[in-house]
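Participant: Let me give you the structure first, and then I'll get to my questions.
The values are calculated or read from the model by the stated rules, or taken from the named source; none is laboratory data. None of the values given here were measured: they were computed from a predicted structure. Cβ placement follows ideal geometry from the backbone for every residue including glycine, while neighbour counts extend to all protein chains displayed.
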Amino acid sequence: MASSGTILVTGAAGQIGAVGRIVTGLLLERELPVRAMVRREDDRAVALRAAGAEVVVGDLLEPADVFRVVSGCRRVYFGMSVSAGYLEATVIIAAVVRELGVDALVNMSQMTVSQMSIQHTTPSPQQRQHWLSEQALAWSGLPVVTIRPTVYLEGFFLPLTRPSVRDRGRIELPFGRGKTNPVATDDVARVVAAVLADPGPHLGQIYELTGPRSQDMNGVAREYSDALNRDVTYSDIPPEVWERELKKVGLPDHLTRHLVTMAELNRAGRYDRLTDGVKRVTGRPAKSIRDFVSLHADEFGGRRS
Ligand SMILES: NC(=O)c1ccc[n+]([C@@H]2O[C@H](COP(=O)([O-])OP(=O)(O)OC[C@H]3O[C@@H](n4cnc5c(N)ncnc54)[C@H](OP(=O)(O)O)[C@@H]3O)[C@@H](O)[C@H]2O)c1
């Protein structure tokens, strides 16, 4: 394995999807030196330190902080939670990395960017920022590797289907008859870790990542049923009802607009995707929905014996 110098992982504490946290663990397992950047000192920072990472605190929207955390690192994973400042943070890290020089910058993006162009953007402010961020990184001339996952099992399906599956045995989403093929965040993290461990062959590549099967929501519900050994059905709820529910729980407007756009694109069949990116980079197939639900069975209300 090629020696790396210190590898910086941003967004390492992990919130919804937690790719950064899993990447940190995988690199430490490979005995590579990791600097894990977190926004604040908390239990998650303590756990990262206990696992063997050098933990640094900083704000990705603060250029001086970013300069401090990147200094001394040769490889960088850049990812942070879906938020209004995403493009700004990308340009800050690009400016810093250009100044300091690195061997690889692995950039988290989204698969929707594959379908975007100047004439065809989407109403999601997050997707637009990813598209613009990729443009800016392409102009930068930096050694970039681009990761474009489809929707996450842990970051989307776990929080947004758990309550209704647990309480009513139903997946309630406004996805119409569109097909989807969500990917597990540990599969995404395995791809990122493999690239960071030996970036040379991956420089300039764009990896599109999906799960193993594209299917409509009735098919998704069948995988839940199989995993939980009880009936789970799909209920296609009106988009306005879903949007009202999202607003009720107080999500930031940026995230709500992103999720509402995702649902719209799902209904239009734009999440009907299938790639072999996970297998190609890691040598192992992507996790199925059934396996994901089995792992989280208790959270979904338990498996009937
Ligand atoms: N969710 C999906 O379905 C999906 C699908 C495809 C692509 N993606 C992409 O995946 C990325 C999100 O990855 P993820 O789910 O692994 O992230 P995450 O766990 O939600 O967030 C990673 C960390 O970013 C940190 N962070 C946020 N703002 C920061 C700032 N200004 N300075 C320093 N740290 C900051 C957060 O810190 P705190 O926890 O302390 O706030 C959080 O722990 C986004 O680029 C998203 O577009 C997501």
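Participant: Assuming residue 112 fulfils every condition listed in (1) crowded, with 17+ Cβ neighbours inside 10 Å; (2) among the β-branched types (Val, Ile, Thr); (3) in a helix (DSSP H, G or I); (4) more than 10 Å from the ligand (Cβ to nearest atom) apart from one, which condition is it?
Facilitator: (4)
Participant: Also, quick follow-up: Among the numbered criteria (1) part of a helix (DSSP H, G or I); (2) more than 30 Å from residue 290 (Cβ to Cβ); (3) more than 13 Å from the ligand (Cβ to nearest atom), which one does residue 105 miss?
Facilitator: (1)
Participant: Which of the residues that make up the stretch 2-48 are without any contact (Cβ under 8 Å) to a residue 12 or more places away in the chain and among the hydrophobic types (A, V, I, L, M, F, W, C)?
Facilitator: Within the stretch 2-48, the subset without any contact (Cβ under 8 Å) to a residue 12 or more places away in the chain is 3, 29, 31, 43, 46-47.
Those that are without any contact (Cβ under 8 Å) to a residue 12 or more places away in the chain and among the hydrophobic types (A, V, I, L, M, F, W, C): 46, 47.
Participant: Which condition from (1) under 22 Å from the mean Cα position of the chain (by Cα); (2) part of a loop (DSSP other than H, G, I, E, B) is the one that residue 26 breaks?
Facilitator: Exception for residue 26: condition (2).
Participant: Would you tally the residues in the stretch 270-299 being within 14 Å of residue 185 (Cα to Cα), in contact with a Pro (Cβ under 9 Å, 6 or more places away or on another chain) and either surrounded by 17 or more Cβ atoms within 10 Å (Cβ to Cβ) or hydroxyl-bearing (Ser, Thr, Tyr) (or both)?
Facilitator: Of the residues in the stretch 270-299, 7 are within 14 Å of residue 185 (Cα to Cα), in contact with a Pro (Cβ under 9 Å, 6 or more places away or on another chain) and either surrounded by 17 or more Cβ atoms within 10 Å (Cβ to Cβ) or hydroxyl-bearing (Ser, Thr, Tyr) (or both).
Participant: Next question. I'd like to verify a number: residues in the stretch 20-43 that are over 18 Å from residue 69 (Cβ atoms) and within 9 Å of the ligand (Cβ to nearest atom), how many?
Facilitator: The initial filter retains those residues of the stretch 20-43 that are over 18 Å from residue 69 (Cβ atoms), namely 22, 25-26, 29-31, 43.
Right, trim to within 9 Å of the ligand (Cβ to nearest atom) and you get 22.
Within the stretch 20-43, residues that are over 18 Å from residue 69 (Cβ atoms) and within 9 Å of the ligand (Cβ to nearest atom) number 1.
Participant: Out of the residues in the stretch 47-62 that are of a type in the set (Gly, Ala, Ser) and not in a helix (DSSP H, G or I), which is surrounded by the fewest Cβ atoms within 10 Å (Cβ to Cβ)?
Facilitator: Residues of the stretch 47-62 that are of a type in the set (Gly, Ala, Ser), as a first pass: 47, 50-53, 58.
Within this subset, residues satisfying the condition of being not in a helix (DSSP H, G or I) are 52-53, 58.
Working: 52: 15, 53: 24, 58: 18.
Among those residues, the one meeting the criterion is 52.
Participant: Since residue 247 meets every condition but one in (1) at pLDDT below 95; (2) in a loop (DSSP other than H, G, I, E, B), which condition does it not meet?
Facilitator: The one condition residue 247 does not meet is (2).
Participant: Now for a separate question. Given the structure, is residue 72 more than 15 Å from the ligand (Cβ to nearest atom) and either over 26 Å from residue 124 (Cβ atoms) or surrounded by 24 or more Cβ atoms within 10 Å (Cβ to Cβ) (or both)? First the steps, then the outcome.
Facilitator: Values: more than 15 Å from the ligand (Cβ to nearest atom): yes; either over 26 Å from residue 124 (Cβ atoms) or surrounded by 24 or more Cβ atoms within 10 Å (Cβ to Cβ) (or both): yes.
Yes; evaluated as a whole, the condition is true for this residue.
Results for (1) more than 18 Å from the chain's Cα centre (by Cα); (2) more than 16 Å from residue 288 (Cβ to Cβ), shown as yes or no for each residue.
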{"residue": "146", "(1), (2)": "no, yes"}
{"residue": "168", "(1), (2)": "yes, yes"}
{"residue": "196", "(1), (2)": "no, yes"}
{"residue": "210", "(1), (2)": "no, no"}
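Participant: Still on this structure: Please name all residue pairs, on different chains or six or more residues apart, with Cβ atoms under 8 Å, provided the first residue is in the stretch 227-244 and is farther than 20 Å from residue 179 by Cα and surrounded by 16 or more Cβ atoms within 10 Å (Cβ to Cβ) and the second residue is modelled with pLDDT of 95 or more and among the aromatic types (Phe, Trp, Tyr).
Facilitator: Final answer for the pair search is 228/300.
Participant: Quick one: in the stretch 29-68, of everything that is β-branched (Val, Ile, Thr) and within 22 Å of the chain's Cα centre (by Cα), which residue is nearest to residue 9 (Cα to Cα)?
Facilitator: Within the stretch 29-68, the subset β-branched (Val, Ile, Thr) is 34, 38, 46, 55-57, 66.
In the following step, the residues that additionally are within 22 Å of the chain's Cα centre (by Cα) were identified as 34, 38, 55-57, 66.
Details: 34: 7, 38: 9, 55: 10, 56: 10, 57: 12, 66: 12 Å.
Residue satisfying both the conditions and the ranking: 34.
Participant: Here's something else I'd like to know. What number of residues in the stretch 75-102 are under 18 Å from the mean Cα position of the chain (by Cα), more than 7 Å from the ligand (Cβ to nearest atom) and more than 26 Å from residue 26 (Cα to Cα)?
Facilitator: So the count comes out to 2.
Participant: Restricting to the stretch 212-245, what's the tally of residues that are over 22 Å from the mean Cα position of the chain (by Cα) and among the hydroxyl-bearing types (Ser, Thr, Tyr)?
Facilitator: Of the residues in that region, 4 qualify.
Participant: On to the next question. Would you tally the residues in the stretch 276-292 being more than 16 Å from the chain's Cα centre (by Cα), in contact (Cβ under 8 Å) with a residue 40 or more places away in the chain and not in a helix (DSSP H, G or I)?
Facilitator: Within the stretch 276-292, residues that are more than 16 Å from the chain's Cα centre (by Cα), in contact (Cβ under 8 Å) with a residue 40 or more places away in the chain and not in a helix (DSSP H, G or I) number 3.
Participant: Can residue 17 be described as at pLDDT below 95 and either more than 15 Å from the ligand (Cβ to nearest atom) or β-branched (Val, Ile, Thr) (or both)?
Facilitator: Details: at pLDDT below 95: yes; either more than 15 Å from the ligand (Cβ to nearest atom) or β-branched (Val, Ile, Thr) (or both): no.
The answer is no for residue 17.
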